[in-house]
Amino acid sequence: MLFMDKSGSKSKTWLILAHCFNMDGRAASQTITDRIPLLIKEGIVPVVLSAPTGIKDNRFPHYRVISLAPSGILFEMRQIIKKNFQGLFIQNLLKGCLTIFCLPFYALEKCFIHLDSQWSWFLGASIRGCSLIRRYRPELIYSTAGPPSTHLTGFILNKMCKIPWLAELHDPLIYDNERQKWVNYLFKKWLEKRIFRNASGIIYFSERASENASRRNQIRGKAHVLRPGAAPPDISGVSYTRTKKIHFGHFGSLGEGRTLQVFIQAMHEVLQEKPEWNDLACLDVYGCELDAISKKCLSSCCLDGILCQHGRLEYDPQTGKSGRQQVLEAMRQCDVLLLVHGDDMVSKEYIPSKVYEYLLTYRPIMGLIAPNSELEKILINSGHIVIDGRDVNDVKKMISEYIQRWKTEGLPDHKKKASFTVEGAVMKLLTITRGFK
């Protein structure tokens with residue numbers, strides 16, 4: 001169906017499948033929601049189908065369906081409770097009642113189905129998607145990010161309605177040399193083959209992920225690499241000011257392949273060698289708890305009064321600021337932004353989305369990254385510091401250099417313009433889809 005925009009030209013309709021949409025602070029949500037205003041500006045009318053976990057958008061048709069399996073109901077209802085009830089007591093009470101109600105059915109499901117909690121979203125989404133296609137007659141089905149069920153829905157609608165389909169995989173579904181005996185792996189492997197055989201185009205966020213997936217499926221030319229970038233943050237009223245301590249800030253998730261172990265050990269040794277710096281340094285951790293490896297390292301490397309865990313920043317009713325806005329302001333006020341990226345199988349095919357927000361805050365970035373990676377090239381080309389994140393001595397040296405520079409001349413803003421923008425991502429997205437039939 002074609003709509004007329006304000007200029008009188010014809011607009012095109014896209015059915016956008018995004019399980020995670022309008023969710024504060026979620027990278028999978030931010031990537032697509034940041035693009036929506038620009039897609040509309042370019043004449044695209046979005047019809048969005050998502051889970052009910054985010055805020056309903058009234059600027060365009062936005063429909064929401066829940067996952068039908070017990071695991072999906074449990075996961076999504078917990079998010080809905082968290083979103084709609086401010087009091088922690090009420091939240092915990094409702095979540096507890098929900099868990100008790102779902103537990104027998106959840107246990108029964110897990111006896112037979114070993115998939116993620118959102119696997120059943122495709123059931124309701126496929127039915128609703130068919131009705132939306134009949135109503136809006138989109139020229140493209142666009143499945144983006146989120147759980148595999150998002151792309152399974154795209155595959156089903158493509159087969160049923162014969163409409164071109166663009167699949168955007170933020171993270172690879174599977175990895176080379178991954179253990180193959182589990183149901184979850186076999187399902188994702190099957191789905192990856194369906195995507196490569198049926199989608200008109202496939203988008204990955206790293207070159208290595210695109211190359212490996214194309215090789216596994218022996219299909220070339222369908223996969224494209226797109227750097228998502230980030231929307232310019234609204235931090236015009238927040239300026240960096242040097243305080244009494246130098247703040248190294250880490251934002252985002254931590255885990256087995258992304259840990260602060262080496263940095264904690266290096267910081268501990270630096271302060272052991274220069275105890276007069278104990279009152280000058282601070283390590284701020286935002287967005288998550290420390291991973292198990294970092295906790296174990298911290299037990300032997302005392303950083304009392306230096307390491308500060310802020311947890312996940314949520315919507316603040318007193319200031320009206322979203323969690324994302326607070327995170328961006330905290331990034332802006334850090335002396336050094338810490339970017340840790342592992343050398344495991346997953347990290348080699350994945351570029352964390354926060355790097356694009358880091359670049360837009362103009363603060364110095366210290367990358368602890370495996371050599372010869374795509375992420376290393378991005379940071380070096382943007383003028384930031386990259387060191388081998390496995391080498392404690394190199395990290396110690398860099399920490400000392402930052403502290404010394406901060407003491408003598410400060411750490412001014414990094415003025416080089418970021419080369420990855422949402423506008424650029426949208427333009428490439430439109431270029432990719434022009435060749436679809």
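The values are calculated or read from the model by the stated rules, or taken from the named source; none is laboratory data. What you see is a predicted model; the values in this text were computed from it and never measured. With ideal geometry, Cβ positions are generated from the backbone for all residues, glycine too; neighbour counts draw on all protein chains shown.
When the residues of region 374-402 are narrowed to those that are under 22 Å from the mean Cα position of the chain (by Cα) and of a type in the set (G, A, S), which ends up farthest from T259 (Cα to Cα)?
Ranking the candidates gives S382 first.
Against the definition (farther than 17 Å from A27 by Cβ, at pLDDT 90 or above and of a type in the set (G, A, S)), how does S294 come out, yes or no?
Details: farther than 17 Å from A27 by Cβ: yes; at pLDDT 90 or above: yes; of a type in the set (G, A, S): yes.
For S294, the condition - farther than 17 Å from A27 by Cβ, at pLDDT 90 or above and of a type in the set (G, A, S) - is met.
If I ask for residues that are of a type outside the set (K, R) and surrounded by fewer than 17 Cβ atoms within 10 Å (Cβ to Cβ), which ones from region 33-60 would you list?
Filtering region 33-60 down to residues of a type outside the set (K, R) leaves 33-34, 36-40, 42-55, 57-58, 60.
The answer is P37, I40, E42, G43, I55, D57, N58, F60.
Considering each of K407, K416, K396 in turn, give the residue that is over 17 Å from C334 (Cα atoms) and in contact (Cβ under 8 Å) with a residue 40 or more places away in the chain. Before the answer, list the steps.
Numbers: K407 fails: over 17 Å from C334 (Cα atoms); K416 fails: in contact (Cβ under 8 Å) with a residue 40 or more places away in the chain.
Among K407, K416, K396, only K396 is over 17 Å from C334 (Cα atoms) and in contact (Cβ under 8 Å) with a residue 40 or more places away in the chain.
Which one of these does Y315 not meet: (1) of a type in the set (S, T, Y); (2) more than 21 Å from V262 (Cβ to Cβ); (3) surrounded by 20 or more Cβ atoms within 10 Å (Cβ to Cβ)?
In the conditions (1) of a type in the set (S, T, Y); (2) more than 21 Å from V262 (Cβ to Cβ); (3) surrounded by 20 or more Cβ atoms within 10 Å (Cβ to Cβ), Y315 misses (3) alone.
Are there any pairs, at least 6 apart or on different chains, whose C-beta atoms fall under 6 Å, with the first in region 79-99 and in contact (Cβ under 8 Å) with a residue 40 or more places away in the chain and the second buried (at least 16 other Cβ atoms within 10 Å of the Cβ), and if so, which?
So the pair list comes out as Q79/T53.
How about region 172-187: which of its residues are aliphatic (A, V, I, L, M) and touching a residue at least 60 places away in the same chain (Cβ under 8 Å)? Working first, answer last.
Step one: of region 172-187, the residues aliphatic (A, V, I, L, M) are 173-174, 183, 186.
Selection gives V183 alone.
Would you check which residues across region 284-310 are part of a loop (DSSP other than H, G, I, E, B), out of contact with any Cys (no Cβ under 7 Å at 6 or more places or on another chain) and free of Cβ contacts under 8 Å to residues at least 40 places away in the same chain and list them? Outline the logic, then answer.
To start, the set of residues in region 284-310 that are part of a loop (DSSP other than H, G, I, E, B) comprises 287-291, 301-306.
Add one more test, that the residue is out of contact with any Cys (no Cβ under 7 Å at 6 or more places or on another chain), and what stays is 287-291, 301-305.
Residues satisfying the conditions are C288, E289, L290, D291, C301, C302, L303, D304, G305.
Would you check if there is a residue in region 167-177 being of a type in the set (A, V, I, L, M), modelled with pLDDT under 95 and farther than 25 Å from R35 by Cβ? Steps first, please.
Just the residues of region 167-177 that are of a type in the set (A, V, I, L, M), to begin with: 167, 169, 173-174.
Of the ones still in play, those that are also modelled with pLDDT under 95 are 173-174.
From the residues that got through so far, the ones that are farther than 25 Å from R35 by Cβ too are 174.
Yes, there is a match, as at least one residue in region 167-177 is of a type in the set (A, V, I, L, M), modelled with pLDDT under 95 and farther than 25 Å from R35 by Cβ.
Can you pull out the residues in region 159-171 that are in contact (Cβ under 8 Å) with a residue 40 or more places away in the chain and either in a strand (DSSP E or B) or within 19 Å of N217 (Cα to Cα) (or both)?
Result: L166, E168, L169, H170, D171.
The conditions are (1) surrounded by fewer than 20 Cβ atoms within 10 Å (Cβ to Cβ); (2) touching a helix residue (DSSP H, G or I) at 6+ places or on another chain (Cβ under 6 Å), and Q118 fails exactly one of them. Which is it?
(1)
Can you confirm whether W190 is free of Cβ contacts under 8 Å to residues at least 40 places away in the same chain, buried (at least 18 other Cβ atoms within 10 Å of the Cβ) and aromatic (F, W, Y)? Lay out the reasoning, then the answer.
Details: free of Cβ contacts under 8 Å to residues at least 40 places away in the same chain: yes; buried (at least 18 other Cβ atoms within 10 Å of the Cβ): no; aromatic (F, W, Y): yes.
Against the criterion (free of Cβ contacts under 8 Å to residues at least 40 places away in the same chain, buried (at least 18 other Cβ atoms within 10 Å of the Cβ) and aromatic (F, W, Y)), W190 does not qualify.
Being more than 19 Å from L337 (Cα to Cα), among the hydroxyl-bearing types (S, T, Y) and out of contact with any Pro (no Cβ under 7 Å at 6 or more places or on another chain): is that true of S210 here? Give the steps one after another, and end with the answer.
Numbers: more than 19 Å from L337 (Cα to Cα): yes; among the hydroxyl-bearing types (S, T, Y): yes; out of contact with any Pro (no Cβ under 7 Å at 6 or more places or on another chain): yes.
Yes, satisfied.
For region 231-257, enumerate the residues that are surrounded by 17 or more Cβ atoms within 10 Å (Cβ to Cβ) and modelled with pLDDT of 85 or more.
Answer for region 231-257, where residues must be surrounded by 17 or more Cβ atoms within 10 Å (Cβ to Cβ) and modelled with pLDDT of 85 or more: Y240, I246, H247, F248, G249, H250, F251, G252, L254.
Could you tell me how many of the residues in region 375-396 are crowded, with 20+ Cβ neighbours inside 10 Å and over 29 Å from E276 (Cα atoms)?
3
Yes or no: N84 out of contact with any Phe, Trp or Tyr (no Cβ under 9 Å at 6 or more places or on another chain), of a type outside the set (A, V, I, L, M, F, W, C), at positive phi and at pLDDT below 95?
On the way: out of contact with any Phe, Trp or Tyr (no Cβ under 9 Å at 6 or more places or on another chain): yes; of a type outside the set (A, V, I, L, M, F, W, C): yes; at positive phi: no; at pLDDT below 95: yes.
In short, no.
One residue is enough: does region 362-371 have a residue meeting the conditions in contact with an Asp or Glu (Cβ under 6 Å, 6 or more places away or on another chain), among the aliphatic types (A, V, I, L, M) and either modelled with pLDDT of 90 or more or over 30 Å from P37 (Cβ atoms) (or both)?
There is at least one residue in region 362-371 that is in contact with an Asp or Glu (Cβ under 6 Å, 6 or more places away or on another chain), among the aliphatic types (A, V, I, L, M) and either modelled with pLDDT of 90 or more or over 30 Å from P37 (Cβ atoms) (or both).
Criterion first (crowded, with 18+ Cβ neighbours inside 10 Å, in contact with a helix residue (DSSP H, G or I) (Cβ under 7 Å, 6 or more places away or on another chain) and modelled with pLDDT of 90 or more) does I399 satisfy it?
Yes; evaluated as a whole, the condition is true for this residue.
Which one of these is over 26 Å from Y204 (Cα atoms) and outside the structural domain of N22 (by TED's automatic domain parsing): E401, E376?
E401
Within 15 Å of W121 (Cβ to Cβ) and in contact with a Ser or Thr (Cβ under 8 Å, 6 or more places away or on another chain): does that describe A27? Even if it seems obvious, please write down each step before you answer.
Working: within 15 Å of W121 (Cβ to Cβ): no; in contact with a Ser or Thr (Cβ under 8 Å, 6 or more places away or on another chain): yes.
So A27 does not fit the description; no.
Quick check: is even one residue across region 122-143 at pLDDT below 95, surrounded by 14 or more Cβ atoms within 10 Å (Cβ to Cβ) and either closer than 30 Å to A199 by Cα or of a type outside the set (F, W, Y) (or both)? Lay out the reasoning, then the answer.
Our first condition is that a residue be at pLDDT below 95; within region 122-143, this holds for none.
Looking for residues that are at pLDDT below 95, surrounded by 14 or more Cβ atoms within 10 Å (Cβ to Cβ) and either closer than 30 Å to A199 by Cα or of a type outside the set (F, W, Y) (or both), one finds none in region 122-143, hence no.
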